[in-house]
Each structure stands twice: as C-alpha cells, then as structure tokens.
Amino acid sequence: MFHYCYIVEHMKNSMTLYNDEGERLYLTPEERKAFLDAACKAPRTVRTLCHVLVYTGGRISEVLALPYGRIDLSSKEIIILTLKKRKKLYAKPQYRAVPVPDY
C-alpha cells in the first residue's frame, strides 16, 4: 500500500527538514497519524482535505485550488498546479502528478 512515509523516505536528498530559522517543516509519522485520526472525526469535506494534504504533500493553497478535473481516479493520481515555482520563471504553469493510495 502506498504511504506518505514512502514519499518522504525517497525524497530526502532533495528536501530539507528544517527552515533557515531551525523550525521543523514536516510532520513526524506519529504526528501524521494523529492528524489523520483527528480528521476521521471531522465532516467529510474536512476529512478529505486533510487526507489530500497528507498524501500529496501539497500546500494548503495548492490543495484548496485543486479542481475536480485534476483528480484522476483511474490512474490514482492527483495533478497539482505547483504554486511554489513562480510563473515568471516558467513560460507555462508547472504541474506534478502525485500518486495516492486506495481508500
């Protein structure tokens, strides 16, 4: 089964765990579990938002801007418009396809 920890483990070389001020940027596995456990008690829309955030690693603004048409159920991918990469650097918007687990 696909798991968010898999993404973190395989992207360690390109990611930093702390920002320039020494603050941790990502949740620990225990924090992710507690977050998803709490989300399971929330209304469906909040629960869905929380799961998409955890399993894609997307920013809140990216996930909130996600149109339904970019959720590909057949390939189990969510196509996210990358807001981190500024448009002035690229001629076209940048997207990334993120695999998601079965529910």
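The values are calculated or read from the model by the stated rules, or taken from the named source; none is laboratory data. Note that the structure is a prediction, hence the values are computed from the model and not measured. Don't worry about glycine lacking a Cβ; one is built from the backbone with ideal geometry, like all the others, and counts go over all protein chains shown.
Among the residues of the range 36-50, what is the count of those that are surrounded by 10 or more Cβ atoms within 10 Å (Cβ to Cβ) and within 21 Å of Ala65 (Cβ to Cβ)?
7
Which members of the range 12-28 meet the condition of being assigned to a loop (DSSP other than H, G, I, E, B) and under 19 Å from Thr82 (Cα atoms)?
First, the residues of the range 12-28 that are assigned to a loop (DSSP other than H, G, I, E, B): 15-17, 19-23, 25-28.
Selection gives Met15, Thr16, Leu25, Tyr26.
When the residues of the range 61-103 are filtered to those that are of a type in the set (Lys, Arg) and more than 18 Å from Cys50 (Cα to Cα), which remaining residue is modelled with the highest pLDDT?
Among them, the one singled out is Arg96.
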